[in-house]
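The structure appears below as structure tokens.
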Amino acid sequence: MFAAVALALASIGLYAVMAQTVTRRRHEIGLRLAVGAGKSGILRLVFAKGLRQLAIGLAIGLPAAFLLTRAVKGALELPVPGGNTATLAGAGVTC
């Protein structure tokens, strides 16, 4: 249940960031369309920005999750699996 809520929140957050990026670049996109850029070029521009942000987030988030999982394992008295690489890889692929 927590994973579904986390996935929904991450999806909403990613949508909001991309929507804000497109809104801020509205004039640039309009200018590119006016001078002859195709819709595929505009989509490529927007998706490249989104994929760049995703790559940065994964590069920071996955190692941080790995380290924090180990820290939580040491702090809790519950049997928390520490640093399960399959789980972290699955989380990265899901993004």
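Results, tabulated for the structure shown:
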| read-out | value |
| --- | --- |
| Subset of region 19-47 [of a type in the set (A, V, I, L, M, F, W, C) and surrounded by 10 or more Cβ atoms within 10 Å (Cβ to Cβ)] | Ala19, Val22, Ile29, Leu31, Leu33, Ala37, Ile42, Leu43, Leu45, Val46, Phe47 |
| Ala65 vs. criteria assigned to a helix (DSSP H, G or I), at pLDDT below 85 and among the small types (Gly, Ala, Ser) | yes |
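The values are calculated or read from the model by the stated rules, or taken from the named source; none is laboratory data. Predicted model only: the values in this text are computed from it and were never measured. Virtual Cβ from ideal backbone geometry, glycine too; neighbours counted across all protein chains shown.
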